[in-house]
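One structure below.
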């Protein structure tokens, strides 16, 4: 059996690589690296099935999203975003077409990373359950010494300054976000090494304070005290991040600097996540070792599938590009209209100003005297 590691080649977030790292630990070997943004284009070296743990955030390339027929998926820790508006087009979950729904149901139940995705699955009548996040299964590293520093991830300058005022401990600001494509040409071994360095930083920390799930959940697994600052101003966070509030020590971000936090003796993490961790480990290990029927004869011919993918992607590009052109025209017209409106507003302001000055003049005592003298002179 061949195994593929799902990753995001052009990621702008180390958290994506932490997700891949979490699933890589269960694979007996990595035969293929499979880009989550190009799932439908994945073709193995020969006509055969490849097992893949499908934990990931799906998906930026919505218009070309589908599953490769060569993949045998374990659908756990999946997150599907509902896109309210993009490029003038209301998308919602329409990118989850019948093909994808059929595939998800074929390999169901689908384990969702959060309640947000669970609701989407239920709306589409896809058999699903809340599996939790694969990063909860990460193991602690051996021989990592606890240090005295506090790590902050995703906090703003005011929040970091507040922490520094409340403790004499060293505060290390770590950024999981990177420039898009920074890691694109690196090998998985290079990316794996960066992930392990990041996780070791978290494990050795006295405490971690973060706004990010891809930091806070690994910290649970690493048994590092972690405090999540929960921002409830984004509706999406209610179900996405809100799913894990009972699993984490957390504070509403808007109240953080008004709340007393013990930075010297931070609260121990809740243990509720251990059930999710155990269930995920059991499911993944079973998936790895179980046999699948030899149905390779049903797989498409590799050359024919490649031609099909190229043609279908090119066909989808036509209406998408046309819609984007129309959107650009619309946006340019809106910009022109906005400029015209601003110009008219300026003209009206100038007119109102002149009118005001005129009224001020004609109602002045000087003008009344001048007008009286003018009439006298005419006589």
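The values are calculated or read from the model by the stated rules, or taken from the named source; none is laboratory data. For clarity, every value in this text was computed on a predicted model and none was experimentally measured. Reconstructed Cβ throughout: ideal geometry from the backbone, glycine too, with neighbour counts over all protein chains shown.
Report, by residue number, each residue of the range 142-156 that is part of a loop (DSSP other than H, G, I, E, B) and closer than 30 Å to residue 255 by Cβ. It would help to see each step written out before you state the result.
Taking the range 142-156 and keeping what is part of a loop (DSSP other than H, G, I, E, B), we get 142-149, 154-156.
Hits for the range 142-156 are 146, 147, 148, 149, 154, 155, 156.
Condition first: under 20 Å from residue 163 (Cβ atoms), touching a residue at least 40 places away in the same chain (Cβ under 8 Å) and under 16 Å from the mean Cα position of the chain (by Cα). Now tell me which residues in the range 215-272 satisfy that.
215 - this is the single residue of the range 215-272 that is under 20 Å from residue 163 (Cβ atoms), touching a residue at least 40 places away in the same chain (Cβ under 8 Å) and under 16 Å from the mean Cα position of the chain (by Cα).
Looking at residue 315 and the list (1) under 30 Å from residue 221 (Cα atoms); (2) out of contact with any helix residue (DSSP H, G or I) (no Cβ under 7 Å at 6 or more places or on another chain), which single condition is not satisfied?
(1)
Go through the range 132-154 and report how many residues are out of contact with any helix residue (DSSP H, G or I) (no Cβ under 6 Å at 6 or more places or on another chain) and more than 17 Å from residue 206 (Cα to Cα).
Counting residues in the range 132-154 that are out of contact with any helix residue (DSSP H, G or I) (no Cβ under 6 Å at 6 or more places or on another chain) and more than 17 Å from residue 206 (Cα to Cα) gives 2.
Just give me the residues in the range 45-66 being touching a helix residue (DSSP H, G or I) at 6+ places or on another chain (Cβ under 8 Å) and farther than 21 Å from residue 119 by Cα, in sequence order.
If the condition is that a residue be touching a helix residue (DSSP H, G or I) at 6+ places or on another chain (Cβ under 8 Å) and farther than 21 Å from residue 119 by Cα, then 46, 47, 48, 49, 51, 53, 61, 63, 64 are the ones that fit.
From the residues in the range 123-141 that are under 20 Å from the mean Cα position of the chain (by Cα) and over 12 Å from residue 220 (Cβ atoms), which one is surrounded by the fewest Cβ atoms within 10 Å (Cβ to Cβ)?
130
Give me the pairs: first residue in the range 178-201 and free of Cβ contacts under 8 Å to residues at least 60 places away in the same chain, second residue part of a loop (DSSP other than H, G, I, E, B), beta-carbon distance under 8 Å, and six or more apart or on different chains, which are they?
Listed by first residue and then by second, the contacts come to 190/183; 200/141; 200/144.
Go through (1) at pLDDT 95 or above; (2) more than 30 Å from residue 80 (Cβ to Cβ) one by one and return the number of the condition residue 143 breaks.
Just one mismatch for residue 143, condition (1).
Residue 284 passes all but one of (1) surrounded by fewer than 18 Cβ atoms within 10 Å (Cβ to Cβ); (2) not assigned by TED's automatic domain parsing to the domain that holds residue 154; which number fails?
(1)
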